[in-house]
Amino acid sequence: MRKNYLLTPGPTPLPPEVRAAMARPIIHHRTPQFQAMLKEASEGLKYVFQTKNDVFILTSSGTGAMEAAVVNILSPQDTALVVQAGKFGERWTEICKSYGISTEVLDVEWGQAVKPAELEKRLKANPKIKAVFTTLCETSTGVVSDIASCGRLIKDTPAVLVVDAISGLGAIDLKTDDWSCDIVVSGSQKGLMLPPGLGFLSLSPKAAKLIENSKSPRYYFDLKKVKKAFDKIDTPFTPAITLVVALNEALKMIKQDGLEVVFARHRKLAEATRAAVKALGLELFAPLDGSDVVTAVKVPAGLDGEKLVKTMRDTYGVTIAGGQEELKGKIFRFAHMGFIEEFDIITGISCLEKVLTQMGYKFQMGTGVKAAEEIFLK
Ligand SMILES: *Cc1c(COP(=O)(O)O)cnc(C)c1O
């Protein structure tokens, strides 16, 4: 017998209510029943996005929503600035370049957050910048960015601010309207407690104007088509009906708690995780700008980081994430978002202690779990 624990930054575990909703019989999407669900979903998403703007639901993973953002607001040869502080910042650059957009990169050291002054300098240096692409929580490093400051710098310029909130939305604060975010994209399988398969995109009036003039090729992700259907509470193509039904269950749970309670829960889980790994003598990869979404931890010198993650998963059923690209084998990442709660963290830390001990790392057994429990008791 084996029980599995999913502590990865996407996909994340599913609440029983969400799983049960997906077992309902399928209904047709061009019906009043589904229209009511779509309406409920789009209103719930506005609450989570903290916006009065339209939030579109796309059938794709989060990256589809990222691509939709790029192709709908920019034309080939337009200039974009990408804040690149990890693998997901790089994805913005790759998408922009795929469409022939002249892409400037503001390179930030992995493990750090962009300094608003640096962004300001780059914006001033090139008035041709039409869009700035950022990441709320850079999942590859665990770092959270100061999007509010980015918004303040960009809102009075001709440029639009685009935020990848795929892992952060529904876990940490993101005030789409108050922080002047023109486009926010997200996905279903992280803080929103759903399986993968839905992308979300909010659109400000400033960004909507760009769509009229963008000449990038697009078909499936043409937001003009999406908006036209959306205005009639419809979708241009067959939506992921089952996932929309499940989305309403997840949104209901978030609304029942209220965003402030949801954010406070994530804060506490993150605090406990950070306290636990520090108590084990491990070092945080991002000690200054660590997010409340996912915690990246340095693998101690002399230990095989990939083996650590693999043993936790294959021997004990506790799945955490390793490092990506240049961080492969050098860090591991503990997610604490969505339907992950207190006792999942305790289990994860306990398993980490067990495997670290087996790998010969010296520390006092139980100190990590104790440190986490002390935070939870507060
Ligand atoms: C997971 C993630 C993505 C990629 O989303 P997919 O759903 O895998 O396409 C992009 N950006 C961030 C910050 C993420 O955490």
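Taken together, the values in this text are just the output of simple stated rules run on the coordinates, not laboratory data. Because the structure is predicted, anything quoted here is derived from the model rather than measured. Here the Cβ is made from the backbone with ideal geometry for all residues, glycine too, and neighbour counts use every protein chain on show.
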* Ellipticity estimate at 222 nm from DSSP helix runs (n ≥ 4, -39,500 (n - 2.57)) divided over the chain, nearest 500 -> -13500 deg cm²/dmol
* To do: Rounding to the nearest 20 debye, state how big the charge dipole of the chain is about its Cα centre with +1 on each Lys and Arg Cβ and -1 on each Asp and Glu Cβ.
  => 500
* Asked: Which FRET efficiency value, to the nearest 0.05, is calculated for T315 and K370 with the Förster distance at 30 angstrom and r the Cβ-Cβ distance?
  -> 0.80
* To do: Find the centroid of the Cα atoms in segment 1-21 and in segment 98-177, then give the distance between the two in whole Å.
  => 31
* Packing-based order for 238-245, 218-225, 66-73, using average beta carbon neighbours within 10 Å, highest first -> 66-73, 238-245, 218-225
* To do: Subtracting the Cα-Cα distance from 0.36 nm times the residue separation, let me have the gained length for K227 to N4 in nm, one decimal.
  => 76.2 nm
* Structure fact -> Distance in nm between L303 and T157 label points, each 7 Å along Cα→Cβ, equals 4.2
* Structure fact -> Checked the chain against the a/c 1.5 cut and the a/b vs b/c comparison, axes a ≥ b ≥ c from its Cα gyration tensor; verdict oblate
* To do: For a footprinting-style exposure proxy, rank C137, C150 by other Cβ within 10 Å, fewest first.
  => C150, C137
* What is the gain in length, in nm to one decimal, between N213 and K128 on full extension, counting 0.36 nm per residue of separation less the C-alpha to C-alpha distance? -> 29.0 nm
* Structure fact -> 1/(1 + (r/R0)^6) with r = Cβ-Cβ of D234 and V261, R0 = 41 Å, i.e. FRET efficiency to nearest 0.05, evaluates to 0.75
* How high is the FRET efficiency between Q358 and M22 when r is their beta carbon distance and R₀ equals 35 Å, given to the nearest 0.05? -> 0.40
* **Whole-number percent relative contact order across segment 79-169, with pairs defined as alpha carbons under 8 Å at least 6 apart** => 32
* Packing-based ranking, highest mean first, of 8-18, 271-281 given that Cβ atoms within 10 Å are counted -> 271-281, 8-18
* Asked: Can you work out ³J(HN,Hα) from phi for every residue in segment 172-181, in order, using Karplus 6.51 cos²θ - 1.76 cosθ + 1.60 and θ = phi - 60°, giving whole Hz and x for Gly and Pro?
  -> 10, 5, 8, 9, 3, 6, 5, 9, 6, 8
* Structure fact -> Length-normalised contact order of segment 299-360, Cα under 8 Å, at least 6 apart, in percent, tallies to 33
